[in-house]
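The values are calculated or read from the model by the stated rules, or taken from the named source; none is laboratory data. Because the structure is a prediction, the values reported are computed rather than measured. Glycine gets a Cβ as well: all are built from the backbone with ideal geometry, and neighbour counts include every protein chain shown. Ligands, DNA and RNA are stripped out before the accessible areas are found, and what is left, the full protein with its side chains, is counted by its heavy atoms. Shrake-Rupley method; radii C 1.70, N 1.55, O 1.52, S 1.80 Å.
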Amino acid sequence: MKRIFSSPIVALAVGLCLRLLFVLKFPANSGDTVLYEQMATNWIQHHFYGMNVDGAVLPVDLRMPGYPAFLALIYLVTGKVAASAHLLVMLKQVFIDLADCLMIAGLGVALAAIADVRTRTRGVFLAGTWLAALCPFVGNYSATLLTEVIAVFWTSVALLFLVLVASHGADGFTAAKAKWDWRLSYRAAALLAGLAVGIGTLFRPETPLLLIAAWIAYALAWWPAGRKREWFRVVILSGIACVLPLLPWALRNAITLHEVQFLAPKNSNLPGELVPYGFMAWEKTWLFRVSDCYRVSWKLNDDVIDIDAIPARAFDSSEEKERVAAILEQYNNDLTLTAEEDAAFGQLARERTARHPLRGYLLIPVARMFTLWFTPRIELIPVSGTVFPLRQSWYDDRVDQTVTVGFFLLNIIYVGLGILGGWRLWRGYAAVRPALLVLGMVVSLRTVFLTTVETPEPRYVLECFPVVIALGAVVVGGWFGQKHSNEISPQ
């Protein structure tokens, strides 16, 4: 049994089986998939990046071009498109995710080596590989055509180099570098980190948050030590490297759409399309669960919104509910939100925020944070997620309730291991604290940013899981070696 768990090949084989299970038994669909497939197909057929709008193909910048390019490449190589290529796309994502398992394990090794902890890095590598391979939360996104798997991979690559930059000059890192012979200067690491962030941005437009978080962490760690010059070098080098992969996209937008746009627009709107700022502001005063998005947000301009499907917390009084009902009655007539209706929602949002500013600025964002991090993450598997009332849910569908609770507890275990690993390293090893500061800032900044997104989908926090798993690997790594020599203890 020990030999089985001491082999990274076995871990990857188990991870492969888990992902193939999702691909073959639980393939999932997404509304964004249609957009990505349209853009990829139009790119091949019409030789420009566009989507179908009112019977015509128009150039757009609604989504970053990385994932459509990924699909277009597969279409060109295989000769299959759209639904006929789904299995091939998912299988390629499986292997990208398995490569990410190794990157996450490498991040854990880097943390252990920088700290120079009394544990074999082999144990940390094995633990990281197993934890990543067995984690279903990213793995199940191999079975759907979305950006998550590739975005998480490039996040892991960027984090590895950002950690190496953070530890430049630390005593522990100097010893680790001599032992492991990294052969990588902090300038080269900064360039590679920026390049990885730039490539990742081609898939997810918020990826530059990695660099912003790292720059803040470097300043906190380096400025008090008089290392401002090094900080400026890192910022300039990583910033330039990040921009380079985005230049073709920005140039295309400038030539085709006559706008300077390095990222996708925040609200993903077509030219001339109404951006429902008022409606979104109103939602931010009460919405923090994904289930509410299905009932309200994702029905906008597409389906009838039932006033009775909106939770009671969206109304402070019966009079307010009547006002919302009156607006929705007008909207439901033609399923198109007008500027007047949007303005009415905006007025409601301002009134609700003025009555309860603490709710709008603190309570709802905190509730969104909790939802993002502590959720069963069952959105891609065929279970309803119904747990309460306990007895009735158990009677109705025991498998459904068991899977939901199991995924919820598994999520808590992973997050708990990550917190424990970060705490133990911070408490016992000063050399690794700059690296931990980077990782902590990445997780914090991304989480805060996600509370401002109109639809707080838990999948958006998956880019933080390389941090969680790598830190957890440092804790679990001691279990793979000898009983005493592999324990992590303060020096």
Computed over the chain: longest principal axis from alpha-carbon atoms vs helix 433-450 long axis, angle to nearest 10 degrees, is 10 degrees
With +1 on the Cβ of every Lys and Arg and -1 on the Cβ of every Asp and Glu, the dipole magnitude of the stretch 11-170 about its Cα centre, in debye rounded to the nearest 20, is 560 debye
Note, residue 384: beta-carbon cut-off 12 Å, +1 each Lys/Arg, -1 each Asp/Glu, net -4
Helix 66-78 sits off the longest principal axis of the Cα atoms of the chain, rounded to the nearest 10 on a 0 to 90 degree scale, by 80 degrees
In nm, the gap between the two label points placed 7 Å beyond Cα toward Cβ at residue 254 and residue 402 is 6.0 nm
Subtracting the Cα-Cα distance of residue 293 and residue 13 from 0.36 nm times their residue separation yields 97.1 nm
Once Lys and Arg are counted +1 and Asp and Glu -1 for all other residues with Cβ under 14 Å from that of residue 39, the total becomes -1
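Under the definition of Cα pairs under 8 Å and six or more residues apart, what whole-number percent is the relative contact order of the chain?
Relative CO of the chain lands at 22 percent.
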For the stretch 455-466, in residue order, the Karplus 3J(HN,Hα) values (coefficients 6.51, -1.76, 1.60; θ = phi - 60°; whole Hz; Gly and Pro = x) are 10, x, 7, x, 5, 5, 8, 4, 5, 8, 5, x
Nearest 10, in degrees from 0 to 90: the angle of helix 171-180 to the longest Cα principal axis of the chain is 80 degrees
Here the relative contact order (percent) of the stretch 31-162, from C-alpha pairs under 8 Å and at least 6 apart, is 23 percent
Between residue 457 and residue 335, the two model label points (7 Å from Cα along the beta-carbon direction) sit apart by a distance in nm of 2.1 nm
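Order the peptides 349-359, 194-204, 412-422 from the highest to the lowest mean number of other Cβ atoms within 10 Å of their residues.
194-204, 412-422, 349-359
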Of the residues 253, 224, 369, the Cα lying farthest along the dipole of the chain towards its positive end, which is defined by charges on the beta carbon of Lys, Arg, Asp and Glu, belongs to 224
Expressed as a percent, the accessible surface of the chain that is carbon or sulfur, using a 1.4 Å probe and the full set of protein chains, is 65 percent
Contact order relative to length for the stretch 359-484, counting C-alpha pairs under 8 Å separated by 6 or more residues, stands in percent at 34 percent
Expected vector for the stretch 198-203, Karplus 3J(HN,Hα) from phi with 6.51, -1.76, 1.60 and θ = phi - 60°, integer Hz, x for Gly and Pro, equals x, 5, x, 5, 5, 9
Residue by residue through the stretch 148-156, the couplings from Karplus 6.51 cos²θ - 1.76 cosθ + 1.60 with θ = phi - 60°, in Hz, x for Gly and Pro, are 4, 4, 6, 5, 5, 4, 5, 5, 4
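Provide the net charge surrounding residue 241, with neighbours chosen by a C-beta distance below 14 Å and charges set as Lys +1, Arg +1, Asp -1, Glu -1.
+2
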Applying the gyration tensor rule to the Cα atoms of the stretch 213-330 (axes a ≥ b ≥ c; rounded if a/c under 1.5, else prolate if a/b exceeds b/c, else oblate), the class is oblate
Computed Rg/Rh for the chain (Cα atoms; Rh = Kirkwood radius) stands at 0.98
